[in-house]
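> Let me begin by handing over the structure; questions about it come next.
The values are calculated or read from the model by the stated rules, or taken from the named source; none is laboratory data. These numbers were taken from a predicted model, which means no experiment stands behind them. Backbone-built Cβ (ideal geometry, glycine too); neighbour counts: all protein chains shown. Just so you know, the surface numbers come from the protein's heavy atoms only, side chains and all, with ligands and any DNA or RNA stripped out. Shrake-Rupley method; radii C 1.70, N 1.55, O 1.52, S 1.80 Å.
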Amino acid sequence: MNAPTNVQSDHTASEAAAIRAQIDGVMKALHARDLESIRHAYTPDVISFDVEPPLQHVGIEAKLANWSKVFQFFDTVNYELRDLTLTIGADVAYGHAFARLSGTTNSGDRIPGMWVRVTYGLRKLGNTWLIAHDQVSVPYDVTTGTSAIDLQPE
């Protein structure tokens, strides 16, 4: 049995760069309010466990409808991602990070957003990594029954 190593092969490093570029593209498209560019980052059958109901959003049209709601509420959109960690196989990968959606509403109010946890499941189709699953969660204090929306990444 070989000991784990922190050294990435050139292949793994290039795959990680491709995945990061895909996720960066989503963030840029959100900032630009560009639903069609967002569409190209996901599989057509994406399953999304987002923070708003229902429990799951099935398919790209449902995912885009969620982002469309963001554009209806915000005039300017910012999306930050911190501490993205990836595990990459030949044609599947997953990653986790902290994310924050913020911006200015259509009425001019600044919304600082809250940090949430995000997990990505990706599939490599052809030569392109696409998001096949994402899950966004808010920490929950079971003793009080409330969401912990004031937490910050360390």
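> Taking 0.36 nm per residue of sequence separation and subtracting the Cα-Cα distance, how much length would be gained by fully extending the chain between Ser14 and Thr85, in nm to one decimal?
Once the chain is fully extended between Ser14 and Thr85, it gains 24.1 nm.
> Around Asp50, which amide H atoms from residues at least 5 apart in sequence, or from another chain, sit under 5 Å from its own amide H, with H modelled in the peptide plane?
His57, Val136
> Quick one: which residues, 5+ away or cross-chain, put their amide H under 5 Å from the amide H of His96? H built at 1.01 Å from N.
Counting only residues 5 or more places away or on other chains, the set is Thr85, Tyr120.
> Express in nm, to one decimal, how much length is gained between Ser102 and Leu151 on full extension, taking 0.36 nm for each residue of separation and deducting their alpha carbon distance.
Additional length available on full extension: 16.1 nm.
> Choose one of Val26, Leu84, Tyr120: the residue whose Cα lies farthest towards the positive end of the charge dipole of the chain (beta-carbon charges +1 Lys, Arg; -1 Asp, Glu; about the Cα centre).
Val26
> Please give the FRET efficiency for Asp45 paired with Thr128, using the beta carbon to beta carbon distance and R0 = 22 Å, rounded to the nearest 0.05.
0.90
> Between Leu55 and Ser37, what is the spin-label point distance in nm, taking each point 7 Å from the Cα along the Cα→C-beta axis?
Modelled inter-label distance: 3.5 nm.
> About its Cα centre, how strong a charge dipole does the range 42-97 have in debye, to the nearest 20, once Lys and Arg get +1 and Asp and Glu get -1 at the Cβ?
Dipole size: approximately 40 debye.
> For the chain, report the accessible area per residue in Å² (1.4 Å probe, heavy atoms, rounded to an integer). Don't skip to the end; give the middle numbers.
Numbers: 9280 Å² over 154 residues.
On a per-residue basis, the chain sits at 60 Å².
> Return the distance in nm (one decimal) between the two label points of a simple spin-label model at Asp141 and Ser68, each offset 7 Å from Cα along Cα→Cβ.
3.7 nm
> Give the angle, between 0 and 90 degrees and rounded to the nearest 10, that separates the Cα long axis of helix 60-73 from the longest principal axis of the Cα atoms of the chain.
40 degrees
> Quick one: angle between helix 10-32 and the longest Cα principal axis of the chain, in degrees between 0 and 90, rounded to 10, please.
Helix 10-32 sits roughly 20 degrees off the main axis of the chain.
> Next question. Dipole magnitude of the chain about its Cα centre, charges +1 at Lys/Arg Cβ and -1 at Asp/Glu Cβ only, in debye to the nearest 20?
Values: 12 positive and 18 negative charges, 31 e Å.
Its charge dipole is roughly 140 debye.
> Now for a different question. List the residues, sorted by chain then number, that are 5 or more residues from Tyr42 or on another chain and whose placed amide H is less than 5 Å from its amide H.
Residues meeting the criterion, in which the H sits 1.01 Å from N, are Ile131.
> Carbon and sulfur atoms: what percent of the 1.4 Å accessible area of the range 12-63 do they account for? Before the final figure, lay out each step's value.
Numbers: 1660 of 2730 Å².
Answer for the range 12-63 is 61 percent, counting heavy atoms of protein chains only.
> To the nearest 20 Debye, how big is the dipole of the range 8-59 about its Cα centre, given +1 on the beta carbon of each Lys and Arg and -1 on that of each Asp and Glu?
In debye, rounded to 20, the range 8-59 gives about 120.
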